[in-house]
Amino acid sequence: SAAVLRADSRFVLEKSAPEISVGEDDFSDLWLVSAETSASPQEVSFMVDDGSGWRRVAVDDSAPYRGFISRESFADGATVRVAAVSRFADGSLSRSTIVSFANSR
């Protein structure tokens, strides 16, 4: 069987740039990167740059939006920059401000 549904109104996208924080994970030796954002993103991608260029390290498609980064990926004392990008159902993107932290092993 099949059902046909009709919406009474348009779906409203709530778009806001993610706000990120970086800290030690309570259950592992990994860095925990978390993002707070509006209710509408389809996914949040986490990117890092240690001076060698930006690369994506994690993608989360449900709240709470989180990514985990290995301390071993960077030199001890290295400055690591982190950003998050929300992707919405209409294809638009919204980027967080860049947060920096010093890696420690």
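FYI, it's all coordinate maths here, none of it is from the lab. Because the structure is predicted, anything quoted here is derived from the model rather than measured. Here Cβ is always computed from backbone atoms with ideal geometry, including for glycine, and neighbour counts include all displayed protein chains.
Evaluating kT/(6 pi eta Rh) at 20 °C and 1.002 mPa s, with the Kirkwood radius of region 60-103 over Cα pairs in the Stokes-Einstein relation, gives 173 µm² s⁻¹. Evaluated on the chain, the Kirkwood hydrodynamic radius is 15.0 Å, with distances taken between all distinct Cα atoms. Computed from backbone phi, the HN-Hα couplings of region 56-69 come to 7, 10, 7, 9, 10, 10, 8, 6, x, 7, 9, x, 10, 10 Hz, rounded to whole numbers (Karplus: 6.51 cos²θ - 1.76 cosθ + 1.60, θ = phi - 60°; Gly and Pro given as x).
Do any chymotrypsin sites (Phe, Trp or Tyr not before Pro) in region 1-93 lie in a loop, going by DSSP, with at most 13 other beta-carbon atoms within 10 Å of their beta carbon, and if so which?
Numbers: sites: Phe11, Phe27, Trp31, Phe46, Trp54, Tyr65, Phe68, Phe74, Phe88; in loops: Phe11, Phe27, Trp54, Phe74, Phe88.
Sparse-neighbourhood loop chymotrypsin sites (Phe, Trp or Tyr not before Pro): Phe11, Phe27, Trp54.
Label-point separation (nm) for Ala2 and Ser73, each offset 7 Å from Cα along Cα-to-Cβ? Rounded to a tenth, the inter-label distance reads 4.4 nm.
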